[in-house]
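Reviewing the structure listed below.
The values are calculated or read from the model by the stated rules, or taken from the named source; none is laboratory data. Fair warning: this is a prediction, and the values are worked out from it, not measured in the lab. Virtual Cβ from ideal backbone geometry, glycine too; neighbours counted across all protein chains shown. Heavy atoms of the whole protein, side chains included, go into the accessibility calculation; ligands, DNA and RNA do not. Shrake-Rupley method; radii C 1.70, N 1.55, O 1.52, S 1.80 Å.
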Amino acid sequence: MKKVPTSAGIALAVLTYPLAQAADTDMLLEKLEQLERRVEQFEQRTERSEQTDVTTKEIAVKSTDPKFSFHGYARSGFLTDDTRHNINGVDPYMTPAGRLGGPIGRLGVEPDKYLELIFDSKLNHKNGAYSKYRVMIADGVNTNNDWTADDSNLNVRQIFTELGNLPSFANSTMFKDSVLWAGKRFDRNNFDIHFYDSDIVFLAGTGAGIYDIKPTKEWTSHLTLYTRNYGTIEPTNDEIQSYILTTNNSFGPWQFMLSGMWAADNNERTAGAAKDGIHMLFGGSMSNFYGFGEGSSKAGILFGTGLGAQPKVLGGEGDLIDDAQSVRLYTYGVHPLSDTWRIAPALMAQQSKDYYRNGDDYSWLSLNLRLEQAITQNFQIAYEMTYQYQDFDTGQAAGAVAPGIKTSAHGDFYKFTLSPQFTLDTRGGFFQRPSLRAYVSYLTWDDNLNNFNYGEALDKPGTFSGTGWDETDHWLYGVQMEIWF
Amino acid sequence: MKKVPTSAGIALAVLTYPLAQAADTDMLLEKLEQLERRVEQFEQRTERSEQTDVTTKEIAVKSTDPKFSFHGYARSGFLTDDTRHNINGVDPYMTPAGRLGGPIGRLGVEPDKYLELIFDSKLNHKNGAYSKYRVMIADGVNTNNDWTADDSNLNVRQIFTELGNLPSFANSTMFKDSVLWAGKRFDRNNFDIHFYDSDIVFLAGTGAGIYDIKPTKEWTSHLTLYTRNYGTIEPTNDEIQSYILTTNNSFGPWQFMLSGMWAADNNERTAGAAKDGIHMLFGGSMSNFYGFGEGSSKAGILFGTGLGAQPKVLGGEGDLIDDAQSVRLYTYGVHPLSDTWRIAPALMAQQSKDYYRNGDDYSWLSLNLRLEQAITQNFQIAYEMTYQYQDFDTGQAAGAVAPGIKTSAHGDFYKFTLSPQFTLDTRGGFFQRPSLRAYVSYLTWDDNLNNFNYGEALDKPGTFSGTGWDETDHWLYGVQMEIWF
Amino acid sequence: MKKVPTSAGIALAVLTYPLAQAADTDMLLEKLEQLERRVEQFEQRTERSEQTDVTTKEIAVKSTDPKFSFHGYARSGFLTDDTRHNINGVDPYMTPAGRLGGPIGRLGVEPDKYLELIFDSKLNHKNGAYSKYRVMIADGVNTNNDWTADDSNLNVRQIFTELGNLPSFANSTMFKDSVLWAGKRFDRNNFDIHFYDSDIVFLAGTGAGIYDIKPTKEWTSHLTLYTRNYGTIEPTNDEIQSYILTTNNSFGPWQFMLSGMWAADNNERTAGAAKDGIHMLFGGSMSNFYGFGEGSSKAGILFGTGLGAQPKVLGGEGDLIDDAQSVRLYTYGVHPLSDTWRIAPALMAQQSKDYYRNGDDYSWLSLNLRLEQAITQNFQIAYEMTYQYQDFDTGQAAGAVAPGIKTSAHGDFYKFTLSPQFTLDTRGGFFQRPSLRAYVSYLTWDDNLNNFNYGEALDKPGTFSGTGWDETDHWLYGVQMEIWF
């Protein structure tokens, strides 16, 4: 109460009160009316809110624990060559370098229907800990037909569970953010150059590990043990198992990864095959385009010996010999040139020696340039150019495999692709998906590369890799959808 | 009202009123202020709640954006013949006409466990555009056992993405409602006669298209390009690819669909096979039962030549010859006869000439009648009768395939099925699902149809299609669940 | 403000004001009280709404109908023997008793990657009835590699729909809670001993049934008909189908289950195979540990003849002979010993006679003890000990299969496993999942058991079951994730 009538003021008040009172009453009424309006607004607002709730309930899948989520990757389209036939063997690994992991730019050379379906189930425990269970089912076929049971490659690529935020680790500065996992998985810290459809590191298999150990404020460390299988020792039926132990460390923008791998008795499976190996990566990431402006960029070097000489799929190739060694360089960046243009150069290069046989020597270098030009909010044109140099020597005498089949070859490969594309927002950058695209590609190469063979039993003599092509220039046409989410 | 001023109290009230009034007013003000505080608390609370809601919505939208949804179709049950054995080869396409797409009524002749799992992920962009990604995984097996790895046909039938509501099209009256898509899919505008388990048009494969072009207010048009594969040219390993370009148009209740198809060098794969074709559909839909009351009905005619002579699966049969031609008629309707009875007649008929060989001539007509009688809210009885006429001539001399095997045959087939069914609501009409059913079917046919063969290498001589039956009447018993959602 | 006191009205107002004022005040009070009531209603409403929100979030997955939910089971890890090779043939059924369903404790002997993905879709009809559609996709492989297309066993194990709360049954005390179903499924009422990875009853196949019939208040009854397939009669291609009709009843803690099974002409598929059988279970459940304190326990006996002599998978083994008979005992319990220790003993034992051949006689007994010791809130150690006794006689003369291969054998098997484990909450009991574990197991057995064979064509002579081991003690090492939800 604001106005307290004092004894002294009462007489005056008696006379003036009605007026004052009227004013007060007016004020009161006005306040009441204001209140009424506010309450009415509340009523409407609450009703709206309740209706929205119903809508929310109807639309959103607000779930009890465990909480489901769905993620995935897919590409799906067709590809046609100049004779209007279907293309088998065309993909980013179609050149002879492909067997050594040497990719060309992926745009316009993917005829397959490949997908990864990811089903996650997350459980939040009342003590704060959570678990995340993940399953990935994948498939890849080439046929354009809709019933693919005869070609199906449906398989389960990942089944693992992570545990995080464990109260038992809450008091350890080193482990309190750590995540434990076990099962079959792609390592969480793998990374790729999208334009090549190539991981830089693809660590995967069945095992266990711990992520996000923090020995210091700057240093984050991950420790994992993966197993993979190489095949069977005949006639004992023993399955060779390889073990890949990895310490993966990041210090701010720098990454250092060291892996050791062992596969007992692998030389009994294939004479001369390595039983162990070492693999290293030194890399760096920049949140700008090589220091020259907006964008991002990465670069690094990989080195391996023995079973570690497969630079990408760690421990993934059981037929490497003891002396095998590889070095691989990689770099790529993305950069907006203007409001409508953006550019993404990428380079990978590798030299491998004493890889499959003592005395062999393989070198390749792939240079790729992707440009995108936004035309409207939903339509853009992508351009991709690849140059690949290859120099291969199996260390065998010419003609050792079969007459006319080369055991050494070198030469250049070029690819040019033009691709009009529809997307939700062309200003979204290089990684905006889904993308609906058409494309035309022109491929050409030195005919010196034809008829090269890695020195084994021949499946397709006289061809450029697996495509069945004995000519050295080709046009490809196709459409494709690509998405990840 | 708490204090009622009596006549007697008025005089006093005149004097004391101001004070009392002041006190009352104080009280009022206090109450008002209390109210205000409460209302303010409400306001804050509601705002917090709404912010939380917004957060919830944002989180929900974030976690559900992309938004997941699950759809599917499945049927699952067993079927037993009069010897209590499992039935292979029994399905709606079990008669000789089945190879030409001539179905019988499906009720009571489906022993398989078939399912389609559909996983959708929808993304709404802030500019209003959306994308819908769809994957369909399907499987069909006959075994009743629960571990079916040896029989599994699990495969991916669809992987595609649609883009809609694109801002770039917003200003075009013709394209503003258009939907773009690319990938592998069943065409959105396919339609079927459920009682036959037969699509009228089954356009599917890998390609791209645009739906819902509106050249005029009445005219909606869809343009699609699909590819399919027919197999391999030996010994070059070239895969034959066919291209099906379709313009599908609706003008109010009328539909006109025209497709051209091409498959380069298909005659090198199989001598005499067509390299192209034309396919047409004229159809109509009525939102009543042929003008005779409640319900709906459809009718139309399909015509095709060369590769287009396969009237249902457009471009789906690569072995048709150049001169092949087919005409197919279809009609069906659904109609409530009373509160408890409903009726659904359906007819399909086809004539094909010079189809697999010059001089062959195939005619069939299928007439099906489904009746349903609601008994209680959840229990109904379905009755189905099929009559099928077949007249086949492969154009080859009798005995050309093997002694006793016919190259021409004609005759009648009859099926009667009685099926008690449980459902959520028997008043839901013919398409209410799920349905749990038992059934008994009686099948009989002219024995003239036995031992007919299309003139190729024999797999099951002396049988009625693939069933292994050499007698001409059979009883079948079974249970089944069917659902779509 | 409605009434503005004019100068002219002031005099009158002075006299009449108090009355008017009283009326106004009454009005004000009334208005205020109305407001208060409205505000109170708001308060209650908001609170209700907030409670509903919480309830909604916590309990209901309020979604658009049909409502999706995701469930599953998975285990995924690797196992290594003392030569660091991958292990094939090691699992809970690795001993000779395994073929007769005699398991050892599962902890530390599972190298496989097995999963069950369950996709449910529930539909609530406005009349109160609901349907639940369920699909289960499963896979199991041994390879540790991530691309498993060549090994994939992906298959659909369940496709069924249940109908419940049907208005048509609402007035029947016996059927009002009943659930109808049809399709392919695992029976809802199957139950297992987790520590053995063994169901006590595994009733599964394609059929139909009704659950939760309540003839009396105490008696709940389930009636089901399942079909399974046994294979083909050569050369007629007829598929043998078996029918399993089961009445499964519970009376409070007691269960009685009676099944009859028939497979017409099964003796034409395999000479001497039974064409029918009987199977019975008497069991009981206690909500305490055998009456000796906290926990739970189960025990029972199974008996079967002919096709029913397979005690676990009802009707699941088509090669049993007419005279076959089996009796199986089972019991297990779980019990907290203290805040940090818990114990779970389990026993299964079986005797089978005239099983595969007249005169054969098989006995085994498995005793398993699992102990768990919580160390921290997220870390525990599990200990498992198995003793298995086996006494087998195929009834054939020694050497009947091949020289050195035994047709009778008996002896003891022992397994000890130590397993450190991480979980969300170690106080959650034996069935808290997910669990991330490492383990080491020691296995040993009488060498008398080596080289025993069931008297058929040999695949791995001179081995302990399928493992390829001819020595009688082994160490196994591994890691594993296990989850269900």
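Being closer than 17 Å to B:Asn189 by Cβ and within 26 Å of the chain's Cα centre (by Cα) is the requirement here; does B:Phe289 meet it? Criteria not met by B:Phe289. When the stretch B:83-100 is limited to residues that are part of a loop (DSSP other than H, G, I, E, B) and at the interface with chain C (Cβ under 10 Å from one of its Cβ atoms), the one that is surrounded by the most Cβ atoms within 10 Å (Cβ to Cβ) turns out to be B:Ile87. Scanning the stretch B:402-416 for residues that are open to solvent by less than 50 Å² (accessible area, probe 1.4 Å) and of a type outside the set (Gly, Ala, Ser) gives B:Ile405, B:Thr407, B:Asp412, B:Phe413, B:Lys415. Mind checking which residues of the stretch B:276-307 are open to solvent by less than 50 Å² (accessible area, probe 1.4 Å), over 22 Å from B:Ala324 (Cβ atoms) and not in a strand (DSSP E or B)? B:Phe289, B:Gly293, B:Gly295 - these are the residues of the stretch B:276-307 that are open to solvent by less than 50 Å² (accessible area, probe 1.4 Å), over 22 Å from B:Ala324 (Cβ atoms) and not in a strand (DSSP E or B).
C:Glu110 meets all of the listed conditions (1) in contact (Cβ under 8 Å) with a residue 40 or more places away in the chain; (2) facing another protein chain (nearest Cβ under 9 Å); (3) within 17 Å of C:Ala74 (Cβ to Cβ) but one, namely (2).
Looking only at residues of the stretch A:127-144 that are assigned to a loop (DSSP other than H, G, I, E, B) and open to solvent by less than 30 Å² (accessible area, probe 1.4 Å), we find that the one that is farthest from A:Val479 (Cα to Cα) is A:Ala129. Within the stretch C:322-350, residues that are closer than 14 Å to C:Glu384 by Cα sit with their Cβ atoms under 9 Å from residues that are open to solvent by 40 Å² or more (accessible area, probe 1.4 Å) and of a type in the set (Phe, Trp, Tyr), at 6+ positions apart or across chains, in these pairs: C:Val334/C:Phe431. When the stretch B:49-81 is filtered for residues that are of a type in the set (Asp, Glu) and at pLDDT below 90, the ones remaining, listed by number, are B:Glu50, B:Asp53, B:Glu58, B:Asp65.
Within the stretch A:242-265, can one find any residue that is within 14 Å of chain C (Cβ to nearest Cβ), in a strand (DSSP E or B) and of a type in the set (Val, Ile, Thr)? Yes, the conditions are met somewhere in the stretch A:242-265.
On the given criteria, is A:Phe392 open to solvent by 20 Å² or more (accessible area, probe 1.4 Å), on the phi < 0 side of the Ramachandran plot, hydrophobic (A, V, I, L, M, F, W, C) and not in a loop (DSSP other than H, G, I, E, B)? No, not satisfied.
When restricted to residues that are surrounded by fewer than 17 Cβ atoms within 10 Å (Cβ to Cβ) and either in contact (Cβ under 8 Å) with a residue 60 or more places away in the chain or closer than 23 Å to B:Leu320 by Cα (or both), the stretch B:250-264 contains 1.
Just checking, which of B:Phe186, B:Phe191, B:Phe175 is in contact with a helix residue (DSSP H, G or I) (Cβ under 6 Å, 6 or more places away or on another chain) and at pLDDT 95 or above? If you could, list the steps in order and put the result at the bottom.
Working: B:Phe186 fails: in contact with a helix residue (DSSP H, G or I) (Cβ under 6 Å, 6 or more places away or on another chain); B:Phe191 fails: in contact with a helix residue (DSSP H, G or I) (Cβ under 6 Å, 6 or more places away or on another chain).
The match here is B:Phe175.
Report the residue count in the stretch A:107-121 for those that are assigned to a loop (DSSP other than H, G, I, E, B) and open to solvent by 10 Å² or more (accessible area, probe 1.4 Å). Residues flagged as assigned to a loop (DSSP other than H, G, I, E, B) and open to solvent by 10 Å² or more (accessible area, probe 1.4 Å) within the stretch A:107-121 amount to 1.
Yes or no: the stretch B:421-443 includes at least one residue that is over 29 Å from the mean Cα position of the chain (by Cα), more than 23 Å from B:Thr143 (Cα to Cα) and more than 14 Å from chain C (Cβ to nearest Cβ). No - not one qualifying residue is present in the stretch B:421-443. Tell me, which residue of the stretch C:122-170 that is polar (S, T, N, Q) and within 12 Å of chain A (Cβ to nearest Cβ) is farthest from the chain's Cα centre (by Cα)? Here the answer is C:Asn145.
Kindly evaluate C:Phe175 against the criterion of being open to solvent by 10 Å² or more (accessible area, probe 1.4 Å), at the interface with another protein chain (Cβ under 8 Å from one of its Cβ atoms) and within 20 Å of C:Ile210 (Cα to Cα).
Details: open to solvent by 10 Å² or more (accessible area, probe 1.4 Å): yes; at the interface with another protein chain (Cβ under 8 Å from one of its Cβ atoms): no; within 20 Å of C:Ile210 (Cα to Cα): yes.
When the stated conditions are applied, C:Phe175 does not pass them.
Every residue in the stretch A:265-275 that is in contact with a Leu (Cβ under 8 Å, 6 or more places away or on another chain) and open to solvent by 40 Å² or more (accessible area, probe 1.4 Å), please. Scanning the stretch A:265-275 gives a single hit, A:Lys275. Inspect the stretch A:157-173 for any residue being part of a loop (DSSP other than H, G, I, E, B) and touching a Lys or Arg at 6+ places or on another chain (Cβ under 8 Å) and give the result as yes or no. Scanning the stretch A:157-173, I find at least one residue that is part of a loop (DSSP other than H, G, I, E, B) and touching a Lys or Arg at 6+ places or on another chain (Cβ under 8 Å), so the answer is yes.
Here the condition is being open to solvent by 20 Å² or more (accessible area, probe 1.4 Å), at negative phi and hydroxyl-bearing (Ser, Thr, Tyr); of A:Tyr211, A:Tyr226, A:Tyr230, it holds for A:Tyr230 alone. Scanning the stretch B:233-249 for residues that are without any contact (Cβ under 8 Å) to a residue 60 or more places away in the chain, among the β-branched types (Val, Ile, Thr) and open to solvent by less than 60 Å² (accessible area, probe 1.4 Å) gives B:Ile233, B:Thr247.
Conditions (1) buried (at least 16 other Cβ atoms within 10 Å of the Cβ); (2) touching a strand residue (DSSP E or B) at 6+ places or on another chain (Cβ under 7 Å); (3) part of a loop (DSSP other than H, G, I, E, B), marked per residue:
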{"site": "C:Gln380", "(1), (2), (3)": "yes, yes, no"}
{"site": "C:Glu384", "(1), (2), (3)": "yes, yes, no"}
{"site": "C:Ala400", "(1), (2), (3)": "no, no, yes"}
{"site": "C:Leu418", "(1), (2), (3)": "no, yes, no"}
{"site": "C:Arg427", "(1), (2), (3)": "no, yes, no"}
{"site": "C:Gln432", "(1), (2), (3)": "yes, yes, yes"}
{"site": "C:Arg437", "(1), (2), (3)": "yes, yes, no"}
{"site": "C:Ser441", "(1), (2), (3)": "yes, yes, no"}
